[in-house]
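Participant: Shown below is the structure under consideration.
The values are calculated or read from the model by the stated rules, or taken from the named source; none is laboratory data. In this text the structure is predicted, and so the values were computed from the model without any measurement. All Cβ positions, glycine included, derive from the backbone under ideal geometry; neighbour counts span all protein chains shown. Heads up: the accessible areas ignore ligands, DNA and RNA and are worked out on the full protein's heavy atoms, side chains in. Shrake-Rupley method; radii C 1.70, N 1.55, O 1.52, S 1.80 Å.
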Amino acid sequence: MAIALKSTGPRQLKNTLAQWLITVGGISVLFTLVLIFLYLLYVIKPIFESATIEPVGQFEISTTAPTLSAGVDELKEIAFQITQQGDINFYQLVKSAAHEKGTLVLSENLLSDDKTLINVVNSGVEKKLLIDSDGNMQLIAAKFFSNFDSGTREIIPSVAYPLGEESIAVDESGEVLTELSFGMNDEKAVFVAFTQDQRLIKTSLIAEDDFTYDSAYETIYQEIDFPADHVNEILVTPDMGLAFVRSDDQVFVFDLTDEDDVELKATIIPSLEQTRSKPHHVTAMALLSGSSSILLGSSAGKVTQWFEVATDDGRQFKNVRSFNVSDTEAVTQIHTEQFRKSFYTLTTSGNMGVFYTTSEADLWRGQLTTTEPSVFAISPRADGLVVIDENQLKIFSVENEHPEVTWSALWEEVWYEGYPEPEYIWQSTSGSDDFEGKFSLVPISFGTMKAAMYAMLFAVPIALSAAIYTAYFMTPGMRRKVKPTIELMEALPTVILGFLAGLWLAPIIENYLPAIAMLLIMLPLSVFVTAFAWHKLPKDMKNTIPETWAPIILVPVLLIAGGSAFLLSPFFETLFFGGDVRQYITNDLGIDFDQRNSLVVGLAMGFAVIPTIFSMAEDAIFSVPKHLTSGSLALGATQWQTLAKVVLLTASPGIFSAVMMGLGRAVGETMIVLMATGNTPILDWSIFQGMRTLAANIAVEMPESEVGSSHYRILFLAAFVLFVFTFIFNTFAELIRQRLREKYSSL
């Protein structure tokens with residue numbers, strides 16, 4: 001009695017301590033999950049924020065001459081203007097060691113003999129083509145260099161002449177040019193112009209070496225057959241492949257790639273809204289970044305996007321989408337960003353809109369000036385604006401980091417440039433500089449479900465059948481050996497399974513596809529034949545074999561059946577598939593075949609999931625109280641009736657939990673799907689094609705993504721989707737399990 005009282009105190013202390021530790025551990029787990037959830041939201045939140053444009057400062061320009069063009073350096077520290085008098089003036093936008101804010105840093109006159117400029121044609125951010133009152137043309141480029149001589153960074157502006165300081169002869173006849181556009185690289189420059197005597201011409205300047213080092217060049221003149229008698233606007237793509245020539249409400253597209261002949265490639269005739277009181281017309285035109293699309297603004301206040309689409313009649317320009325800029329005003333100016341698909345619109349009253357084409361996002365609406373600004377420039381990084389209005393230079397900062405991301409772009413079909421129709425596409429990177437990221441989460445979410453489905457199709461029947469036999473029919477001695485052996489499979493690293501599946505299993509399945517199909521028939525058939533033969537054996541013979549050995553008899557039978565399937569595979573392949581089943585699937589059935597496909601993933605990932613489902617289901621079945629099975633058998637039910645009507649129903653909550661745990665393991669699996677598939681983000685249920693899952697996509701692309709970029713944050717969004725998906729699915733599964741427990745707890 002004294003010993004019992006003496007042990008009561010320490011035992012109660014241990015119980016209390018264990019209770020507190022378990023409680024604290026559970027709360028810590030929940031707190032950690034909440035922190036993970038909040039951190040994911042913190043990283044994701046910026047991609048859904050609207051664009052903001054804020055004024056940074058303004059100052060009065062020293063010259064009263066009208067401004068024809070303007071620009072700003074990459075760091076938004078120096079802006080420049082080109083005036084009608086031919087002066088280029090550089091202004092300090094931020095205070096530096098050498099200059100105060102608003103100081104005129106450098107001023108140069110680009111003309112001679114008191115001439116004036118009548119037009120400045122832009123190409124990109126740097127290059128400006130100056131046209132003076134005598135029709136002379138000169139190409140300049142505003143350059144900015146960093147200087148650290150004073151111990152701090154100082155931006156030094158300068159003016160370069162890529163084609164030399166001599167006048168450029170675009171028309172060999174010397175006619176006045178009414179409209180002009182050009183494109184240029186280090187080895188070639190192409191000018192397309194419309195002359196006063198109504199000729200459309202193309203002039204090519206071919207560098208003798210490289211324009212960067214030597215401005216010498218050869219000139220090639222061409223005249224283009226043009227069906228109209230006047231031109232409103234000309235645009236040449238930066239790659240010098242196409243020229244868009246607008247004449248009133250028609251846009252003629254010319255192919256410039258042929259050095260001998262310029263052909264009319266297409267004619268764009270936009271469908272404009274017409275009313276009796278006010279017929280509408282095309283009022284503005286601009287090339288989108290990458291030059292695959294052209295934007296057309298109208299007097300109806302709309303902007304339409306056009307690009308080439310593959311049709312039955314060849315590639316044709318098609319109106320893909322439109323943006324409503326204003327209900328009352330015409331679109332007078334369209335300005336596009338250099339590296340993204342964003343564009344800015346201006347109306348006569350100065351109202352400005354910011355849009356992103358691919359996501360069809362209306363990012364910002366507002367008014368920077370009371371009237372339409374005379375000069376508008378976007379910084380090279382698209383994070384600032386320079387506006388000149390009534391001798392006032394105004395600077396604005398732009399926060400628009402993720403315009404390509406909207407809910408519709410992530411979860412709906414998007415029509416990307418060059419594609420024949422809207423599609424779900426995940427393609428985050430490319431070797432091309434003008435590549436546009438495609439961030440649809442649908443293909444990788446679909447791939448996650450596809451991989452889990454095929455894994456469960458393979459794992460659930462095998463795992464549950466094994467669990468039922470082991471827990472209900474197997475002898476205790478054999479159960480003590482089989483159960484730990486199967487559970488030991490769970491310790492096998494998934495990276496090893498993925499490695500074996502990708503490099504060993506995938507080629508075997510490809511070479512022996514008929515054998516894989518025959519296994520589905522021969523293995524069950526061999527089991528039934530063996531069972532029937534065992535049933536027909538005399539009782540004396542069956543009694544000589546120990547009961548523990550009975551299941552082992554199936555092992556050599558299954559090995560013989562499997563070996564026979566592989567031995568017969570070449571024969572059936574020659575007999576039914578012309579000697580090559582893969583060619584038959586691809587050519588005759590028209591089904592794409594990938595070596596690392598869903599079948600490989602299903603087998604490998606199913607093998608990884610089987611131990612989880614088996615262990616939990618076997619425990620649930622084995623834990624069914626013996627008095628329930630004994631009572632059922634005593635009332636005359638057979639073993640199979642007892643299994644179906646009593647054991648499985650009582651164990652159903654545990655079996656359901658086992659399946660859900662296996663599904664959760666399959667959904668979150670990374671290494672197997674990473675190594676055993678081609679990681680192709682496609683929407684196809686075909687068992688012969690691969691997939692890309694959310695988990696594998698994060699593992700592959702997170703190391704290469706730029707921190708803070710749209711790609712980086714969308715990967716966190718993918719993790720959030722996976723987190724929410726598993727949370728909702730597990731919660732739903734737990735509710736079903738509780739209902740099953742309540743329903744069958746009375747048995």
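Participant: Note down all Cβ pairs under 9 Å where the first residue falls in the range 628-649 and is under 21 Å from Glu742 (Cβ atoms), the second is surrounded by 18 or more Cβ atoms within 10 Å (Cβ to Cβ) and among the small types (Gly, Ala, Ser), and they're at least six residues apart or on different chains.
Facilitator: That search, which allows pairs on different chains as well, returns Lys645/Ser632; Val646/Ser632; Val647/Ala471; Val647/Ser632.
Participant: Among the numbered conditions (1) open to solvent by 30 Å² or more (accessible area, probe 1.4 Å); (2) of a type in the set (Gly, Ala, Ser); (3) not in a helix (DSSP H, G or I), tell me where Ser28 comes up short.
Facilitator: Exception for Ser28: condition (3).
Participant: Continuing with this model, one more query. I'd like the full set of residues that are part of a loop (DSSP other than H, G, I, E, B) and among the acidic types (Asp, Glu), limited to the range 134-168. Full working, then the answer.
Facilitator: Residues of the range 134-168 that are part of a loop (DSSP other than H, G, I, E, B), as a first pass: 134-136, 148-153, 161-168.
Hits for the range 134-168 are Asp134, Asp149, Glu165, Glu166.
Participant: Would you confirm whether or not the range 448-471 contains a residue that is surrounded by 14 or more Cβ atoms within 10 Å (Cβ to Cβ), modelled with pLDDT of 90 or more, of a type in the set (D, E, K, R) and out of contact with any Gly (no Cβ under 6 Å at 6 or more places or on another chain)?
Facilitator: Checked against the condition, which is being surrounded by 14 or more Cβ atoms within 10 Å (Cβ to Cβ), modelled with pLDDT of 90 or more, of a type in the set (D, E, K, R) and out of contact with any Gly (no Cβ under 6 Å at 6 or more places or on another chain), the range 448-471 yields at least one hit.
Participant: If Asn232 satisfies all but one of (1) surrounded by 15 or more Cβ atoms within 10 Å (Cβ to Cβ); (2) over 42 Å from the mean Cα position of the chain (by Cα); (3) farther than 22 Å from Asn136 by Cβ, what's the number of the condition it fails?
Facilitator: Answer for Asn232: the failing condition is (2).
Participant: Look at Ser686 and say whether it is surrounded by fewer than 18 Cβ atoms within 10 Å (Cβ to Cβ), farther than 18 Å from Ile486 by Cα, under 36 Å from the mean Cα position of the chain (by Cα) and modelled with pLDDT under 90. Write out each step before concluding.
Facilitator: Details: surrounded by fewer than 18 Cβ atoms within 10 Å (Cβ to Cβ): yes; farther than 18 Å from Ile486 by Cα: yes; under 36 Å from the mean Cα position of the chain (by Cα): yes; modelled with pLDDT under 90: yes.
Against the criterion (surrounded by fewer than 18 Cβ atoms within 10 Å (Cβ to Cβ), farther than 18 Å from Ile486 by Cα, under 36 Å from the mean Cα position of the chain (by Cα) and modelled with pLDDT under 90), Ser686 qualifies.
Participant: Find all pairs meeting these conditions: Cβ atoms under 8 angstrom apart; at least six residues apart or on different chains; first residue within the range 508-521 and over 17 Å from Gln595 (Cβ atoms); second residue open to solvent by less than 30 Å² (accessible area, probe 1.4 Å).
Facilitator: Once the first residue is over 17 Å from Gln595 (Cβ atoms) and sits in the range 508-521, its partners that are open to solvent by less than 30 Å² (accessible area, probe 1.4 Å) give Met518/Ala565; Met518/Ser569; Leu519/Ala561; Leu519/Gly562; Leu519/Ala565.
Participant: Another one. Residues Pro46, Pro66: which one is farther than 26 Å from Leu393 by Cα and not small (Gly, Ala, Ser)? Show your work before the answer.
Facilitator: Working: Pro66 fails: farther than 26 Å from Leu393 by Cα.
Testing whether each residue is farther than 26 Å from Leu393 by Cα and not small (Gly, Ala, Ser) leaves just Pro46.
Participant: Now for a different question. Would it be correct to say that Phe576 is of a type in the set (A, V, I, L, M, F, W, C) and assigned to a helix (DSSP H, G or I)?
Facilitator: Details: of a type in the set (A, V, I, L, M, F, W, C): yes; assigned to a helix (DSSP H, G or I): yes.
Considered against the rule, which asks whether it is of a type in the set (A, V, I, L, M, F, W, C) and assigned to a helix (DSSP H, G or I), Phe576 comes out as yes.
Participant: Follow-up. If we keep just the residues of the range 406-436 that are surrounded by 17 or more Cβ atoms within 10 Å (Cβ to Cβ) and either without any contact (Cβ under 8 Å) to a residue 40 or more places away in the chain or part of a loop (DSSP other than H, G, I, E, B) (or both), which is nearest to the chain's Cα centre (by Cα)?
Facilitator: Step one: filter the range 406-436 for residues surrounded by 17 or more Cβ atoms within 10 Å (Cβ to Cβ), giving 406, 409-410, 414-417, 424-426, 428, 436.
Narrowing further to those that are either without any contact (Cβ under 8 Å) to a residue 40 or more places away in the chain or part of a loop (DSSP other than H, G, I, E, B) (or both): 406, 415-417, 424-425, 428, 436.
Numbers: Thr406: 12, Trp415: 13, Tyr416: 12, Glu417: 14, Tyr424: 9, Ile425: 6, Ser428: 4, Glu436: 9 Å.
In this case the residue turns out to be Ser428.
Participant: Just give me the residues in the range 690-747 being polar (S, T, N, Q) and within 16 Å of the chain's Cα centre (by Cα), in sequence order. Please lay out each step first, then the result.
Facilitator: Looking only at the range 690-747, we keep the residues that are polar (S, T, N, Q), and these are 693, 697, 705, 709-710, 726, 730-731, 738, 745-746.
Within the range 690-747, Thr693, Asn697, Ser705, Ser709, Ser710 qualify.
Participant: Consider Phe317 carefully, then state whether it is of a type in the set (A, V, I, L, M, F, W, C), closer than 22 Å to Leu272 by Cα and in a strand (DSSP E or B).
Facilitator: On the way: of a type in the set (A, V, I, L, M, F, W, C): yes; closer than 22 Å to Leu272 by Cα: yes; in a strand (DSSP E or B): yes.
Yes: the conditions hold for Phe317.
Participant: Just checking, does the range 81-93 include any residue being surrounded by 10 or more Cβ atoms within 10 Å (Cβ to Cβ), in contact with a His (Cβ under 7 Å, 6 or more places away or on another chain) and not in a helix (DSSP H, G or I)?
Facilitator: yes
Participant: Between a first residue in the range 37-66 that is assigned to a strand (DSSP E or B) and a second residue that is open to solvent by 90 Å² or more (accessible area, probe 1.4 Å), which pairs have beta carbons less than 9 Å apart while being 6 or more apart in sequence or on different chains?
Facilitator: Thr52/Glu399; Ile53/Glu399; Glu54/Glu399; Gly57/Lys101; Phe59/Lys101
Participant: Which pairs turn up if I take residues in the range 557-583 that are farther than 21 Å from Phe593 by Cα and look for partners that are among the aliphatic types (A, V, I, L, M) with beta carbon separation below 6 Å, at least 6 apart in sequence or on another chain?
Facilitator: Ala561/Met522; Ala561/Leu523; Ala565/Ala515; Ala565/Met518; Ala565/Leu519; Ala565/Met522
Participant: Right, another one. Residues of the range 121-149 being open to solvent by less than 40 Å² (accessible area, probe 1.4 Å) and among the polar types (S, T, N, Q), which ones? Break it down into steps so the answer makes sense when it comes.
Facilitator: Step one: of the range 121-149, the residues open to solvent by less than 40 Å² (accessible area, probe 1.4 Å) are 121, 123, 128-132, 135, 137-142.
Selection gives Ser123, Gln138.
Participant: Out of the residues in the range 118-133 that are of a type in the set (Val, Ile, Thr) and not in a loop (DSSP other than H, G, I, E, B), which is modelled with the highest pLDDT? First the steps, then the outcome.
Facilitator: Here is the first cut: in the range 118-133, the ones of a type in the set (Val, Ile, Thr) are 118, 120-121, 125, 131.
After this cut, where a residue has to be not in a loop (DSSP other than H, G, I, E, B) as well, the list is 118, 120-121, 131.
Details: Ile118: 80, Val120: 83, Val121: 83, Ile131: 86.
Filtering the range 118-133 for residues that are of a type in the set (Val, Ile, Thr) and not in a loop (DSSP other than H, G, I, E, B), the one modelled with the highest pLDDT comes out as Ile131.
Participant: Then there is this: Hey, among the residues in the range 335-357 that are modelled with pLDDT of 90 or more and open to solvent by 20 Å² or more (accessible area, probe 1.4 Å), which one's farthest from Ala300 (Cα to Cα)?
Facilitator: So the first thing to find is which residues in the range 335-357 are modelled with pLDDT of 90 or more, and the list is 335-337, 341-347, 351-357.
Remaining after also requiring open to solvent by 20 Å² or more (accessible area, probe 1.4 Å): 335-336, 351.
Details: His335: 18, Thr336: 20, Asn351: 15 Å.
If we take residues in the range 335-357 being modelled with pLDDT of 90 or more and open to solvent by 20 Å² or more (accessible area, probe 1.4 Å), then Thr336 is farthest from Ala300 (Cα to Cα).
Participant: Further, regarding this structure: Working only within the range 94-117, note down all residues that are aliphatic (A, V, I, L, M) and either open to solvent by less than 40 Å² (accessible area, probe 1.4 Å) or not in a loop (DSSP other than H, G, I, E, B) (or both).
Facilitator: Hits for the range 94-117 are Leu104, Val105, Leu106, Leu110, Leu111, Leu117.
Participant: Give Thr332, Thr328 a once-over and let me know the one that is in contact with a Ser or Thr (Cβ under 8 Å, 6 or more places away or on another chain), of a type in the set (Val, Ile, Thr) and under 30 Å from Leu363 (Cβ atoms). Reasoning before the result, please.
Facilitator: On the way: Thr328 fails: in contact with a Ser or Thr (Cβ under 8 Å, 6 or more places away or on another chain).
Every option except Thr332 fails the conditions.
Participant: Next question, about the same structure. State all residues of the range 626-651 that are polar (S, T, N, Q), touching a Ser or Thr at 6+ places or on another chain (Cβ under 8 Å) and open to solvent by less than 80 Å² (accessible area, probe 1.4 Å); if no residue qualifies, say none.
Facilitator: Quick first cut of the range 626-651, residues polar (S, T, N, Q) only: 629-630, 632, 638-639, 641-642, 650.
Retained after the next criterion (residues that are touching a Ser or Thr at 6+ places or on another chain (Cβ under 8 Å)): 629, 632, 641-642.
Thr629, Ser632, Thr642 - these are the residues of the range 626-651 that are polar (S, T, N, Q), touching a Ser or Thr at 6+ places or on another chain (Cβ under 8 Å) and open to solvent by less than 80 Å² (accessible area, probe 1.4 Å).
Participant: Still on this structure, I have one more. Any idea which of Phe716, Phe727 is at pLDDT below 85, aromatic (Phe, Trp, Tyr) and within 25 Å of Ile44 (Cβ to Cβ)? Even if it seems obvious, please write down each step before you answer.
Facilitator: Details: Phe716 fails: at pLDDT below 85.
None of the other options fit; the residue is Phe727.
Participant: For the range 690-710, which positions are open to solvent by 20 Å² or more (accessible area, probe 1.4 Å) and not aliphatic (A, V, I, L, M)? Full working, then the answer.
Facilitator: Initially, the range 690-710 is screened for residues open to solvent by 20 Å² or more (accessible area, probe 1.4 Å), giving 692, 698-700, 702-704, 706-709.
Matches in the range 690-710: Arg692, Pro703, Glu704, Glu706, Gly708, Ser709.
Participant: Do the conditions hold for Leu628, that is, is it among the hydrophobic types (A, V, I, L, M, F, W, C) and closer than 30 Å to Ala501 by Cα?
Facilitator: Values: among the hydrophobic types (A, V, I, L, M, F, W, C): yes; closer than 30 Å to Ala501 by Cα: no.
Judged against the criteria, Leu628 is not a match.
Participant: On the basis of being under 29 Å from Ala452 (Cβ atoms) and of a type in the set (Phe, Trp, Tyr), does Phe593 make the cut?
Facilitator: Values: under 29 Å from Ala452 (Cβ atoms): yes; of a type in the set (Phe, Trp, Tyr): yes.
Spelling it out, Phe593 is indeed under 29 Å from Ala452 (Cβ atoms) and of a type in the set (Phe, Trp, Tyr).
Participant: Let me ask another. Run down Gly502, Gly563 and say which single residue is surrounded by fewer than 13 Cβ atoms within 10 Å (Cβ to Cβ) and not basic (Lys, Arg).
Facilitator: Working: Gly502 fails: surrounded by fewer than 13 Cβ atoms within 10 Å (Cβ to Cβ).
It is Gly563.
Participant: Can you say whether Phe571 is under 17 Å from Ile516 (Cβ atoms), at pLDDT below 85 and either open to solvent by 60 Å² or more (accessible area, probe 1.4 Å) or of a type in the set (S, T, N, Q) (or both), as far as the supplied structure shows? I'd like the intermediate steps shown before the answer.
Facilitator: Working: under 17 Å from Ile516 (Cβ atoms): yes; at pLDDT below 85: no; either open to solvent by 60 Å² or more (accessible area, probe 1.4 Å) or of a type in the set (S, T, N, Q) (or both): yes.
When the stated conditions are applied, Phe571 does not pass them.
Participant: Tell me the residue from Val231, Val253 that is in a strand (DSSP E or B) and touching a residue at least 24 places away in the same chain (Cβ under 8 Å), please. Explain how you work it out, then say what you get.
Facilitator: On the way: Val231 fails: in a strand (DSSP E or B).
Only one candidate qualifies: Val253.
Participant: Given Gly164, Gly183, which one is out of contact with any strand residue (DSSP E or B) (no Cβ under 8 Å at 6 or more places or on another chain) and of a type in the set (Gly, Ala, Ser)?
Facilitator: Details: Gly183 fails: out of contact with any strand residue (DSSP E or B) (no Cβ under 8 Å at 6 or more places or on another chain).
Sole residue among the options that is out of contact with any strand residue (DSSP E or B) (no Cβ under 8 Å at 6 or more places or on another chain) and of a type in the set (Gly, Ala, Ser): Gly164.
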